[in-house]
1. Along the three principal axes, how long is the protein assembly as shown when you take its alpha carbons, biggest first, rounded to the nearest angstrom?
2. Compute the acute angle (0 to 90°) between the alpha-carbon long axis of helix C:333-361 and the principal axis of greatest extent of the alpha-carbon atoms of chain C; round to the nearest 10°.
3. To the nearest 500 deg cm²/dmol, what mean residue ellipticity at 222 nm is calculated for chain C from DSSP H runs of n ≥ 4 alone, each contributing -39,500 (n - 2.57), summed and divided by the residues?
4. In segment A:4-347, what percentage of the DSSP-assigned beta bridges are antiparallel, given to the nearest 5?
5. Would you look at the GNM of chain B, springs on alpha carbons closer than 10 Å, and say which of B:251, B:289, B:357 moves the most?
6. Taking residue C:175 in one copy and the same position in all the others, each labelled 7 Å out along Cα→Cβ, what are the pairwise distances from the first, in nm, shortest first?
7. Taking only C-alpha pairs under 8 Å that are 6+ residues apart, what is the relative contact order of chain C in percent?
8. Helix B:130-148 sits at what angle to the longest principal axis of chain B, using alpha carbons and giving 0 to 90 degrees rounded to 10?
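Just so it is clear, none of the values below were taken in a lab; they were calculated from the coordinates. Keep in mind it's a predicted model, so treat the numbers as computed, not measured. Glycine gets a Cβ as well: all are built from the backbone with ideal geometry, and neighbour counts include every protein chain shown.
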């Protein structure tokens, strides 16, 4: 189990679907930032189950408590403990499935890997583990916004075969995204998506989708080649999410079909910095942010737990038919929107702090720095 | 700069396009494995430039020397130093481009991030840095093959709009892949791809492509949820490669368009283990290998350095026209094949060693273990 | 702030002296171990303040709650969340000291480093942060005892100039240690130490001391040269404790005064393994455990917060006289005993899991391993 | 094997006593620093064997080559490859010792841990592995001196029972230290130490010693509580050195015998910063540098390889007498001086870069920063 993410801004998460609490420790948050539960709760509210009839009916208020690291509403620079109680636990729902691993779920692999698995729900493989990610991500987001004006906005880019269509990456906001329960910015498409999800839900089935995300105002220079390039860290973060199957940045897979003469983004002066006319690069060149909007897409498979009868096998290999119980999302992407934003924030935050050390570390004299008073 | 990859099997790489040498240190390789330069050279040969007229004419033999960690042809368990000299350096080729950052290359972002950049070629952003990855990956591959029979085979799945078509993931081998210089298993498609690349090259342009990869016989249980899931580590590894823009595992983006009832992989007994009838999961469930073939695809953009005239800007923002010099690949995917294999091997190797600790760490008595003699 | 310790068995801690809770996340604990709060509470009880009149009168019951990672009393292999509420907070005690940094305490360095510091008590520099370490260490200890029979026993080896005298490292137990409140095994010495501490306390002063520790039954082979040698990790762990100033293993500083012919430990067969006749090495050779008892000593300075009037300066540099308030230990070593044991357990546990991967990683065929079923 | 050290300034080392080369990769060195082999060679010369008749007669020039990371004499911010060839290898010297593990050396523990060990010399347990540390440390030292004026000076503080006596930590320099081959600043003591070492050498025996070290002008604020405190990282670094058995900072073990009223360092204004009148803390409070000189001592045992006949056992446990061959130091501390300095530099450098990120990471607006041009 590896539940620590980041090098300087390091997040450790804990919690299964049916234990007393889920949460995180955020280590390395810079001191001196105003922080309270109210900064964190909104993204948890966007993530929480039971928020609409398109999501699982499990009802959790997901109220967060800050346990440490903040005094008088200001971060101390010490680890921030974050906790959310699990309230609506119904472990009994899962009893009849004990002998049959859910197809395409983690029951079988957890059993083999650990020799044990949580009897109830998905345990640590439940999307419930993302509560800690979102709480931590909200802290990173606040810092990034205050420090550099970074804006991170994700949206539902596709549900099944239905696509959101063109999205204006310069102007899209969370308000626009949240105008529909399905969180897709084009209202016509959003309505069709909601109907598709409702239909799938009524059939006890599930459907996949794609989340798009843009990060604006990210400073030039973030990303640590060669192994911790910005896109590598984003891909790592996104493919660590439950049910994700793919990631592409900028032109992505469609860029593989282009010629260099068409794909290259010509440079052009933009205010105080060099910008690019087009942005097939997706805001990243050589693994380092170039000041243009960073945009990427994440593919999510249909949730594995479905009520439809499935022919499969027991743990012992005997033929079996599974009709899964429990409360589950028919489509994960509406709730994945804040989770994708949170992971993007964690990646950018950590790379920002890693880069900060280098900039001051340069040979530019820093004679007046209070930091050097002792030198 | 972050040039260390892995937790237990840790690889540090070094080297730019025009410095004396490139290479790597492999820390954490298990002791007792036979190892010599001959185990490493074949993959370096498949990676090296100048191997066909579809690649850059830069001519490097890329002969590797093992500097440490091996005695009498056996690994000691100590760090393995690996070095390849840069021979065919022509820094002069780049002089006239000094003032103009190449569009979609790393010249600009390196300059801003570090305040300095290599004057010649791509420096650390050159694909030349992958020599160290491939040398290290060859060691991981040998161990995985001997220990578990793991077979890793990559191929060119697309060049521009040309696709390889169906690939039999159970039977494809490197011999089949290497039957064409373009490294695509379907010979008809390979021929068309080679013609496309040759045409693009003759136009001083470049073209993108896709590499597919399958890993067979990977033991059940590899991958460390929640952050270091197998697919997260693979995505990290692949998006750290120069010019990569996307990653998908199993059904990938197409899986996002499916219903759960169609996408779920039913379990079925396969010999001594539980297997699945279909493999939309791509060999991974809940971030952990399930014993089925792991397959994934990596999208590469067209190389940024092209001879076609490009309207762009100087570092200072003045209008400029760039006609890039230097020796470059018109299409990176044929040479990316062994690089993708190497990174896959590094990921699986590290996760194997991480899992090994857990299995023995369990509470099963290990009374006869020589390891416990002192207990 | 770096509040994560360990590579595979990774502990993240959180909490200051006067925030709502302190605690830890233990990531990487092997699955399948019986675990409940009752396994953790005893060491917290030995660490807690207010346990005798030789310690701070701050009264905390320090009852631990397991938040996650355990189901039906068995570890799942997932992160174990641990929480202890802070009950007896009296931030008001510190108000009059706000302008004067306590000499030899962390007030000044925290203020400069972070630009902010906890107004109350020592914040994160308080020994209160060790609650998380001890809770995590108790889990490691249980595993090590069950898996290899490892026994870790620490004791007070000196208080001021008073020394415990010879200690039988083969037979000393926690019961023997806890026979006196001062936790020194020689009862005559313990009585004198208690009197010394009581006298120092009555003078509003403080006194330093030394903790000794032995780890028995540690398997041969633990420690990761060259940087993570066993003694290097122990030294790291011990010097990370509040108020510690020195560490020595085996012969330590006295070994520096010896000749090699006297200091070398001759090998001799001991049951199934090779042992040594003497143990100047302290159970470690070349950074790796050799099967003999590992023993080391940790020096602690006198606590910095004292009621005696001290001439010093304000944060602004003006002359000042400080008569510190608050509740503090006159001597830290009696309560440091379980903390030293806990850190030793964390080090050995992590190195055990790191070594386990190597042993199975070797080229010994593992044909019957269930782990390889998929191979 | 763990051969990587540091979080941002990360050093990977490689090499055994009798392989083709030893060396290191330095990842995370800031760009823009002038660097050439001439910056590194002096410390290697101070470390190299054969420099006086007090050291091993093995004769190595230890000339370093920079393989990467530097262009036109300026660091690029990319990994710096460093290599030193092993020239004077005499593996044959060790043949007759193959069956008998040297007492107090690493032969036995390496054999059990890895199942294999280098047949010649100490392999990776040889002090030869420190070549990479010293080469890397020289780079860190240069940066620290240029950036903050940090001065690191170590000296021989004791050989056997002979002590150097009082050392003026404000004024001691490497020139003073190097005035004697034994590297102890008091010339009378140095002469006696040299005679002691010569006598021990003539008896085919060995003797231990202590190295002292001071780091001046270290900025206030370095050290990452709670686990990576400055003294914890120094202790980790020093106890990772071959033959080291103890570490103490500031008052160290003697501080454990003091009262708080005597041990506390009163604050007093010193120029632009708050300083302390005394320095029992050793320049560190709460794990963070306070601007005063950081000083510490490291105990080294007598080298294990001695020519004196030793009654011991074979690997199989049979009685044996060993008269070790090979070329070895009768006393390690004169050559340990630059090694201790190098490890101190690596620790301070890494903690400096970790702190830099925090300082800029604060909420102070940085509107004119070129780094924020893109924001």
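1. Its Cα atoms span 83, 65, 65 Å along the three principal axes.
2. 30
3. Numbers: 9 runs with 105 residues, N = 375.
After summing the helix terms and dividing by the residues of chain C, the value is -8500 deg cm²/dmol.
4. Working: 52 of 52 bridges.
That works out to approximately 100 percent antiparallel.
5. So, out of B:251, B:289, B:357, the one fluctuating most is B:357.
6. Distances to the matching label points in the other copies: 6.6, 7.0, 7.2 nm.
7. On the way: 770 pairs, mean separation 79.2, N = 375.
Dividing the mean separation by the residue count of chain C yields 21 percent.
8. 20
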